[in-house]
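Inspection log for the structure reproduced underneath, given as structure tokens.
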Amino acid sequence: MIQPTKAQNDVKRLLFILPILLCAVTSAIAQQPDSLRRISPVRPQTNIVLTPPKGTSEEIIQQYVSGDTAKAKAQERKDSLARIYPHYPLLTDVTFGVNIMDPVMMAFGQKYGAIDLSATLNMWNRLQPVLELGLGRASIKPDDLFYHYKGKWSPFVRVGANYNFLFKKTPDYQAYFGFRLGFSAFKYDITDIAITEPYWREVTTLDILNQKSHAFWGEALVGLRIKIWGPLSAGWQLKYHGLFKLKDTPNSKPWYVPGYGKRTGPITASFSIYYTLPLSRSKWPAKKADEKKPDTLSGKSSPVMD
């Protein structure tokens with residue numbers, strides 16, 4: 001029988017020991033911290049995890065070379081907010097309106113009412129200063145009273161502002177809350193006043209003519225306006241108002257206040273037709289159909305369609 005040489009025995013021992021050494025090394029590596037087993041995007045001096053900026057590879061390299069990653073992130077956040085909150089220019093549009101509710105009601109027999117015009121300046125599609133001018137009159141015989149009230153055509157003015165809750169949307173559709181301050185100086189007559197003499201029960205009539213008064217009031221309102229066609233739109237307003245000051249004469253009290261309505265009526269409504277003129281249209285946010293996205297094949301821009 002041939003005896004193995006010393007070299008052969010050494011090879012056998014090496015083959016026996018080698019798997020044991022490999023297992024030991026593997027176990028030692030597995031027990032090391034994660035930071036030694038993989039590359040971490042953590043700055044040792046700040047311990048802040050870095051997230052790669054968005055953009056083309058050239059832009060990313062340029063940002064890291066110039067150390068401008070913070071500015072790039074700020075610009076990206078600004079662009080995102082611009083998409084969520086579109087910023088309209090200071091002077092977005094100006095709108096002229098006419099209230100047609102009172103003329104229509106007067107045509108169907110109502111004995112009092114007003115004709116008023118409005119001008120609204122839309123700022124940032126959010127804040128809207130408003131000026132309203134008009135004329136009001138009344139000619140009525142109350143059912144429960146024995147006189148004829150004649151309010152002459154008299155002017156009134158209302159000033160205030162609206163706040164558009166749909167400022168993120170197109171100006172074609174608006175839902176708003178507003179307030180107004182109103183003033184009117186007017187004249188009226190009270191005729192055919194029936195007075196019954198208590199003893200003889202005789203009825204006599206008298207007139208109170210050329211009465212002068214003025215009123216100052218405030219209004220809170222909600223409104224809605226929608227586009228009809230082109231620059232034309234329509235909308236309604238529901239108002240709650242109250243008198244701050246109403247001048248009474250020595251002989252009478254006004255029954256109707258131009259621009260306010262009946263003295264005892266706290267709630268009124270209006271329906272108007274509007275004509276809108278856009279301002280600074282070139283600075284308006286682009287609509288979705290007008291935005292463009294890059295074409296990955298040609299590198300050109302193509303419109304985004306709904």
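The values are calculated or read from the model by the stated rules, or taken from the named source; none is laboratory data. Since we're looking at a predicted model, the values are computed, not measured. Reconstructed Cβ throughout: ideal geometry from the backbone, glycine too, with neighbour counts over all protein chains shown. Protein only, heavy atoms only, side chains kept; ligands, DNA and RNA dropped before computing areas. Shrake-Rupley method; radii C 1.70, N 1.55, O 1.52, S 1.80 Å.
Could you tell me how far the Cα centroid of the range 100-177 sits from the Cα centroid of the range 220-288, in Å? One Cα centre to the other: 4 Å. Surface calculation, 1.4 Å probe, protein heavy atoms: residue 192 sits at approximately 80 Å² accessible. Put 241, 214, 87 in order of accessible area, highest first, and with a 1.4 Å probe you get 87, 214, 241.
For the range 208-253, the per residue solvent-accessible surface stands at 58 Å², with DNA, RNA and ligands left out and a 1.4 Å probe.
For residue 224 and residue 252, the difference between the fully extended length at 0.36 nm per residue and the C-alpha to C-alpha distance is 6.2 nm. Measuring against 18 Å, Cα to Cα, the residue pairs 150/239; 150/187; 168/227 contain 150/239 as the ones spanning a longer distance. Of 236, 255, 200, the order by accessible heavy-atom surface (1.4 Å probe, DNA, RNA and ligands excluded), from most exposed downward, is 200, 236, 255.
Each Lys and Arg adds +1 at its Cβ and each Asp and Glu adds -1 at its Cβ; summed about the Cα centre, the range 189-242 shows a dipole of about 620 debye.
Taking all protein chains as shown and a probe of 1.4 angstrom, residue 184 keeps an accessible surface of around 0 Å². The residue list 243, 217, 174 was ranked by how far each Cα lies along the charge dipole of the range 166-286 toward its positive end, using unit charges on Cβ atoms, and 174 comes out on top.
Could you work out how much longer the chain between residue 106 and residue 275 gets when fully extended? Use 0.36 nm per residue separation minus the Cα distance between them, nm to one decimal. Each step should come with its number before you reach the end.
On the way: separation 169, 0.36 × 169 = 60.84 nm, distance 2.36 nm.
Stretched fully, the residue 106-residue 275 segment lengthens by 58.5 nm.
When 193, 115 are compared by accessible area at a 1.4 angstrom probe, the order from most to least is 115, 193.
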